[in-house]
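Novice: Sending over a structure as structure tokens; questions will come in a sec.
The values are calculated or read from the model by the stated rules, or taken from the named source; none is laboratory data. Predicted, not measured: the structure shown is a model, and the values here were computed from it. Positions of Cβ are generated from backbone atoms using ideal geometry, with glycine treated the same way; all protein chains shown enter the neighbour counts. In case anyone asks, the SASA skips ligands and DNA or RNA and just uses the protein heavy atoms, side chains included. Shrake-Rupley method; radii C 1.70, N 1.55, O 1.52, S 1.80 Å.
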Amino acid sequence: MEERLQKIIARAGIASRRHAEQLILSGQVAVNGQVVTELGSKADIERDHIRVSGKLLHAQERKVYVLLHKPAGVVSTMSDPEGRTTLADFLHGVHGRVFPVGRLEYHASGLVLLTNDGELTNRMLRAHGLPQIYACKLSSTLNDSAIRETERRCGVRMLRAKGLPPGWWEVTTTEASSDAFRQAMLASGNPVDKMRRVGLANLALDRLGPGEYRHLTQEEVAKLEHAVARVERGESGLPRPAQERNASRSRRGAKSRRPARPAKRRPPRR
């Protein structure tokens, strides 16, 4: 798409739009080998060779954000030397190279984020406080005491999964990997039969079927960046356990309730 040269130069970070106009007027801008000095001139950075003071401008790579439902038995990479099925096998129609943000273990299924936004990827990998939600099917039944012990030992929050058969749990964690939870449950005698990641920060798997993908909206990307920024500021994204929240409410209620004043005694009548 053709745009005014000063706008292209400014977006490339070479100069401000006003300074770009001065560069054009002074003969320092060339399009396809021809010096351009008219401010109304247009070009297409995808098609034309634009040089500013001898430096060739390159089109900025369009940011791509893809949410994929990884099936179980798929490696969380774009290629595999052993010839196993990879994430790339499900991304037909995605333009540009994208890479997964973190990994989802081989036997687990669910939400995987892929992007070419290197800056956001690095921030997310360093932000270990981003909440992740898994739907987990346990091979045994847990009582309330075992649930509280699991929450304490694994640093997770556990709720019975809504809309799923008995034995399924919603597990929220801020760990970078689900391996730690799976190994802890195995060591406690409660192995995990199935594990599916259904949420990451503000992103949700919803009704996306195994092997299906969709592009994130601009609003979703903005909310994701906001969630990462919160973690970078030290604000935890993991909800507190119910007993801790209730205790906090009780303490606030106790502070707000003032002790009753003693009744005033009336003087005796004469």
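Novice: Which entry in (1) 50; (2) 32; (3) 28 matches percent of Cα pairs over 31 Å apart derived from the coordinates of this structure?
Specialist: (1)
Novice: Can you list residues from other chains, or at least 5 along the same chain, whose modelled amide H is less than 5 Å from the amide H of Val64?
Specialist: Asn116, Asp117
Novice: Here is a follow-up. If you take the charge dipole of the chain about its Cα centre, with +1 on Lys and Arg Cβ and -1 on Asp and Glu Cβ, which of His49, Ile8, Leu125 is farthest toward its positive end?
Specialist: The residue sitting farthest along the positive end of the dipole is Leu125.
Novice: Suppose the chain between Asn32 and Ala184 were pulled fully straight at 0.36 nm per residue; how much longer would it get relative to their current alpha carbon spacing? Before the final figure, lay out the partial values.
Specialist: Details: separation 152, 0.36 × 152 = 54.72 nm, distance 6.25 nm.
Contour length minus the Cα-Cα distance gives 48.5 nm.
Novice: Could you work out the percent of alpha carbon pairs in the range 1-147 separated by over 24 Å, rounded to a whole number? Numbers along the way, then the final one.
Specialist: Details: 6016 of 10731 pairs.
Everything past 24 Å amounts to 56 percent.
Novice: A further question follows. Counting heavy atoms of the protein chains only and a 1.4 Å probe, report the per residue accessible area for the range 1-127 as a whole number of Å². Don't skip to the answer; put the middle values down first.
Specialist: Working: 7210 Å² over 127 residues.
Roughly 57 Å² per residue, with all protein chains present.
Novice: Determine the dipole magnitude for the chain: charges of +1 sit on the beta-carbon of Lys and Arg, -1 on that of Asp and Glu, nothing else is charged, the reference point is the Cα centre, and the result goes in debye to the nearest 20.
Specialist: Numbers: 47 positive and 29 negative charges, 680 e Å.
I would put it at about 3260 debye.
Novice: What ³J(HN,Hα) values, in whole Hz, does the Karplus curve 6.51 cos²θ - 1.76 cosθ + 1.60 give for the range 84-96 when θ = phi - 60°, with x put for Gly and Pro?
Specialist: Listing the rounded values in order: 6, 5, 10, 4, 4, 5, 10, 10, 5, x, 7, 8, x Hz.
Novice: While we're here: When the Karplus curve 6.51 cos²θ - 1.76 cosθ + 1.60 is applied with θ = phi - 60°, which whole-Hz ³J(HN,Hα) does each residue of the range 205-212 get, with x for Gly and Pro?
Specialist: Values per residue, Gly and Pro as x: 6, 6, 9, 5, x, x, x, 8 Hz.
Novice: Using amide H atoms built in the peptide plane, which far-off residues or other-chain residues are under 5 Å from Val192 H to H?
Specialist: The answer is Leu186.
Novice: Something else: How much of the accessible area of the chain, probe 1.4 Å, is carbon plus sulfur, in whole percent?
Specialist: C and S atoms contribute 49 percent here.
Novice: Another one. At 222 nm, what value in deg cm²/dmol follows for the chain if DSSP H runs of at least 4 each add -39500 (n - 2.57) and the sum is divided by all its residues, to the nearest 500? Could the numbers behind the result be given before it?
Specialist: Numbers: 7 runs with 75 residues, N = 270.
Mean residue ellipticity, 222 nm, calculated: -8500 deg cm²/dmol.
Novice: Give me the number: length gained by fully extending Asp144 to Glu105, i.e. 0.36 nm times residue separation minus the C-alpha to C-alpha distance, one decimal in nm. Write down the numbers at each step before the final one.
Specialist: Numbers: separation 39, 0.36 × 39 = 14.04 nm, distance 2.83 nm.
Working it through step by step, the gained length comes to 11.2 nm.
Novice: Give me the one-decimal nm value for the distance between modelled label points at His49 and Ser16, 7 Å along each residue's Cα-to-Cβ direction.
Specialist: Each label point lies 7 Å from its Cα, and together they span 3.2 nm.
Novice: Now, a different point. How are the Cα pair distances of the range 60-130 distributed, in percent, across 10 Å bins from 0?
Specialist: Pairs per bin, as whole percents: 19, 51, 28, 2.
Novice: While we're on this one: Which one, Thr173, Gly93, Met195, projects farthest toward the positive side of the charge dipole computed for the chain from Cβ point charges (K/R +1, D/E -1)?
Specialist: The residue sitting farthest along the positive end of the dipole is Thr173.
Novice: Which whole-number value in Å³ per residue fits the convex hull of the alpha carbons of the range 99-229?
Specialist: On the way: hull volume 15.0 nm³, N = 131.
Per residue, the Cα convex hull of the range 99-229 comes to 114 Å³.
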